[in-house]
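Heads up, the thing below is written out as structure tokens.
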């Protein structure tokens with residue numbers, strides 16, 4: 001079962017492929033305002049994370065999160 | 001902080017669009033002349049982006065049915081289906097839709113959008129799981145959100161991916177509603193419905209198919225992809241709209257499950273809205289009869305679609321799907337698509353423009369939809385407009 005550190009590491013790697021100009025990604029990075037993800041990209045990223053972690057991640061977690069850290073914590077709660 | 005602050009990104013996008021001098025949104029139709037012709041910004045224009053697949057909006061049977069209903073039943077019901085809004089025509093249309101699909105149950109909604117909103121919010125609550133094809137229409141996403149179900153996505157038209165994701169759910173797969181479309185609106189590509197049904201049923205899931213862009217298009221009787229793929233008896237719910245092949249506005253759901261009747265009492269988008277206007281019900285019934293009795297309309301639509309598709313493919317355009325009533329050409333940048341769209345309009349051809357973030361995979365699409373009512377001369381004109389603009393762009397790239 002994936003923990004926060006594993007999830008954050010996978011998420012960080014995935015976000016590097018989604019973000020333009022390879023912005024610096026830190027836990028406080030805001031997915032939309034800092035990393036420039038749109039709604040379609042965010043949903044695509046969730047599907048990719050499902051494959052990386054081999055678990056189901058409901059889209060319902062998305063409205064609760066704004067930052068990379070918040071998303072990693074939400075995914076960790078789903079995984080738990 | 002104002003409630004309007006959240007519109008700042010939209011306002012910025014609108015400013016950038018305005019700066020180009022090209023606005024593809026809310027194009028004013030000064031005058032509508034036929035199912036395929038209009039006056040747009042003072043110019044006679046062929047409508048090749050209106051989803052009027054069977055061209056029935058000016059069909060005499062449909063128009064006369066509407067006129068008679070206006071005279072006999074007035075301008076509206078002014079009431080919900082739960083109150084005073086169920087006229088004989090509403091009940092008759094539900095019976096006719098059920099008979100058309102060979103099932104026992106049908107519900108009519110006030111719009112196609114509300115059909116998805118109403119069905120999905122009633123069928124799938126917070127304890128349920130919905131597995132959506134990634135490219136599903138906004139009305140499907142909104143309906144799932146309204147109901148509060150656990151929403152998951154699978155890769156577009158990928159039965160193996162659906163299988164993998166349902167397997168991850170374990171026992172919960174049997175509590176899952178798989179939602180797909182028959183023909184997808186953006187590219188016009190068709191779902192591999194037989195494969196998707198097999199996967200869904202193997203996991204004990206139910207399957208829901210939105211045939212908005214496939215009613216009147218395929219299948220022996222024209223009911224859509226489920227019929228075409230021989231899986232009408234395997235699909236649990238079919239949802240559709242009156243606003244494309246049937247030339248009106250409204251929506252429906254049909255099902256072989258008797259429990260569909262209970263959705264009437266659980267669906268807020270069904271209950272808390274005015275029922276469809278009687279004249280719209282009348283024209284829809286007439287259009288359904290034309291669809292059912294005149295397969296030649298479908299044949300003509302496909303002839304038109306295949307002509308345009310073949311001509312654009314021969315000119316080297318990148319097309320989004322095999323031949324079908326939706327012909328979407330793909331461009332590398334939003335700017336290129338925008339200028340091509342305007343070029344078509346300047347040449348008297350209206351089509352749709354679809355840009356990210358509204359499109360999957362960052363596609364920039366110039367999307368045409370064909371009609372059975374397009375004449376050979378109109379198809380020639382559409383082809384000529386695409387070809388001349390394509391040549392212009394190639395010369396500009398070289399120059």
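The table below gives the values:
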quantity	calculated
Residue among B:85, B:76, B:182, B:143 that alone is away from every other protein chain (no Cβ under 14 Å), within 15 Å of residue B:209 (Cβ to Cβ) and modelled with pLDDT of 95 or more	B:182
Residue B:329 vs. criteria surrounded by fewer than 17 Cβ atoms within 10 Å (Cβ to Cβ), within 20 Å of residue B:189 (Cα to Cα) and touching a strand residue (DSSP E or B) at 6+ places or on another chain (Cβ under 6 Å)	no
Candidates B:212, B:194, B:160, B:200 - the one that is within 14 Å of chain A (Cβ to nearest Cβ) and either touching a strand residue (DSSP E or B) at 6+ places or on another chain (Cβ under 7 Å) or surrounded by fewer than 23 Cβ atoms within 10 Å (Cβ to Cβ) (or both)	B:160
Listing of helices (runs of 4 or more DSSP H) fully contained in chain A that carry 2 or more residues being in contact (Cβ under 8 Å) with a residue 60 or more places away in the chain	A:4-18, A:68-79
Within the range B:123-134, considering residues that are more than 10 Å from chain A (Cβ to nearest Cβ) and modelled with pLDDT of 95 or more, the one nearest to residue B:255 (Cα to Cα)	B:123
Output for the range A:1-47, where each listed residue is under 21 Å from residue B:150 (Cα atoms), within 14 Å of chain B (Cβ to nearest Cβ), in contact with a helix residue (DSSP H, G or I) (Cβ under 7 Å, 6 or more places away or on another chain) and surrounded by 16 or more Cβ atoms within 10 Å (Cβ to Cβ)	A:2, A:40, A:41, A:42, A:43, A:45, A:46
Enumeration of residues in the range B:200-216 that are closer than 12 Å to residue B:235 by Cα, in a loop (DSSP other than H, G, I, E, B) and within 24 Å of the chain's Cα centre (by Cα)	B:211
All strands (runs of 3 or more DSSP E) inside the range B:309-399 with 3 or more residues being within 29 Å of residue B:157 (Cα to Cα) and more than 14 Å from every other protein chain (Cβ to nearest Cβ)	B:326-331, B:364-369
Failed criterion for residue B:106 (all others in (1) assigned to a strand (DSSP E or B); (2) within 17 Å of the chain's Cα centre (by Cα) hold)	(2)
Residue identified as in contact (Cβ under 8 Å) with a residue 24 or more places away in the chain and more than 22 Å from residue B:221 (Cα to Cα) among B:263, B:326	B:263
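Listed here are the residues, each with its yes/no results for (1) closer than 18 Å to residue B:354 by Cα; (2) under 21 Å from the mean Cα position of the chain (by Cα).
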| residue | (1), (2) |
| --- | --- |
| B:10 | yes, no |
| B:14 | yes, no |
| B:25 | yes, yes |
| B:31 | no, no |
| B:43 | no, no |
| B:56 | no, yes |
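The values are calculated or read from the model by the stated rules, or taken from the named source; none is laboratory data. Treat the numbers as computed from the prediction; the structure is a model and nothing was measured. Methodologically, a virtual Cβ is constructed for each residue, glycine included, from the backbone with ideal geometry; neighbour enumeration extends over all protein chains shown.
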